[in-house]
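Colleague: Below is one structure. I have some questions about it.
What follows is calculated from the coordinates using simple rules that are stated; it is not laboratory data. Predicted model only: the values in this text are computed from it and were never measured. All Cβ positions, glycine included, derive from the backbone under ideal geometry; neighbour counts span all protein chains shown.
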Amino acid sequence: MLHRLTHMVSCKEATRLLSQAEDHRLSHMERIKLRLHLLACVACSRFSRQLALMREAVSRFRT
Amino acid sequence: MPYYSRLDPAEGTALDASDFTVELDRHRRYLLRVAQLQLRDAAAAEDVVQETLVAALSAREGFTGRSSVKTWLTGILKHKIVDAIRQKQRQPVVAASFDEETDLDDFDPLFKDNGAWQAPPADWGDPENALSRQEFMSVMEMCLERLPPNTARVFVMREVLELETEEICKELTITANNLWVILYRARMSLRECLERNWFSDPARA
């Protein structure tokens with residue numbers, strides 16, 4: 001368990017999880033892996049904020 | 001002259017109806033853009049928008065003012081588009097190109113072999129800066145138009161029309177996994193396109 005928890009996902013995997021999180025609830029393990037990755041990774045944290053910005057932009061496009 | 005100006009407004013509500021008609025017409029271009037992005041067919045897009053406006057006009061008592069007219073119209077458009085997709089379902093072309101666009105990950109040029117970014121995302125600065133600019137919205141629209149056709153269709157269904165993922169899978173007869181791949185591709189391409197065409201300009205970030 002501890003081994004799996006500390007096993008970091010790659011940026012490629014993290015971006016997939018972030019995208020999937022927009023569409024369905026991630027598993028408990030996926031959320032933990034993602035959180036750990038984001039703590040350590042500036043690039044993916046940026047990516048995460050950019051996803052939020054795109055979502056907001058689309059919602060303004062609509063309303 | 002808008003096509004529905006031929007319709008006689010109900011007696012006694014003439015002013016309301018014509019105001020409402022003007023209001024609906026203001027959103028026509030937006031509805032056409034969304035329909036065009038989704039259906040990729042100018043004639044079909046024109047049809048669903050006409051149907052949407054006719055439905056809106058005849059249901060104007062149903063408009064409570066709780067949401068904006070645009071949001072309300074988007075909701076009607078959503079149903080008209082789903083109907084149009086159901087009618088088009090016979091076309092085998094759609095399925096074939098979906099396979100191409102969901103072709104999985106063996107090579108992803110955005111990442112190195114070890115899964116790290118080839119070129120990490122840039123700092124986009126304060127989001128409000130971009131969001132409050134009309135030009136930014138135009139760039140976003142251009143980026144949406146550049147997506148591969150089916151990718152754009154799915155993205156519009158999910159993000160603009162806000163259909164549930166199960167519903168999209170059902171209407172387009174694709175698997176949930178295909179859907180996630182398509183949405184992932186759409187978001188990655190949009191992100192890159194916005195970064196290249198908007199955020200790389202230092203005057204804007």
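Colleague: How would A:Cys41, B:Cys169 line up from fewest to most surrounding beta-carbon atoms within 10 angstrom?
Modeller: Going from sparsest to densest Cβ surroundings: B:Cys169, A:Cys41.
Colleague: Go ahead and estimate [θ] at 222 nm for chain A from helices alone: -39,500 (n - 2.57) per DSSP H run with n ≥ 4, summed, over the residue count, rounded to 500.
Modeller: -25000 deg cm²/dmol
Colleague: Quantify how strongly other chains surround peptide B:126-139 by giving the mean number of their Cβ atoms within 10 Å of each of its Cβ atoms.
Modeller: Other-chain Cβ atoms within 10 Å of each residue's Cβ, averaged: 2.
Colleague: Hey, another quick one. Using modelled backbone amide H atoms (1.01 Å from N, in-plane), which distant-in-sequence or interchain residues come within less than 5 Å of B:Phe111's amide H?
Modeller: B:Gln118
Colleague: Hey, which lysines would be in cross-link range of A:Lys12, C-alpha to C-alpha under 16 Å, not counting anything within fewer than 8 residues on its own chain?
Modeller: Straight-line reach from A:Lys12, under 16 Å: A:Lys33, B:Lys112.
Colleague: Given R₀ = 45 Å, FRET efficiency for A:Leu36-B:Val54 by Cβ-Cβ distance, to 0.05?
Modeller: Between A:Leu36 and B:Val54 the formula returns 0.25.
Colleague: Using a 10 Å cut-off around each Cβ of peptide B:180-189, what is the average number of partner chain Cβ atoms that fall inside?
Modeller: Mean partner-chain Cβ count within 10 Å for B:180-189: 4.
Colleague: Cut-off is 10 Å between beta-carbons; in what order do A:Cys44, B:Cys143 appear when sorted fewest neighbours first?
Modeller: So the ranking, lowest neighbour count to highest, is B:Cys143, A:Cys44.
Colleague: Also, quick follow-up: What is the gain in length, in nm to one decimal, between B:Gln134 and B:Glu164 on full extension, counting 0.36 nm per residue of separation less the C-alpha to C-alpha distance?
Modeller: That pair, B:Gln134 and B:Glu164, stretches by 8.0 nm at full extension.
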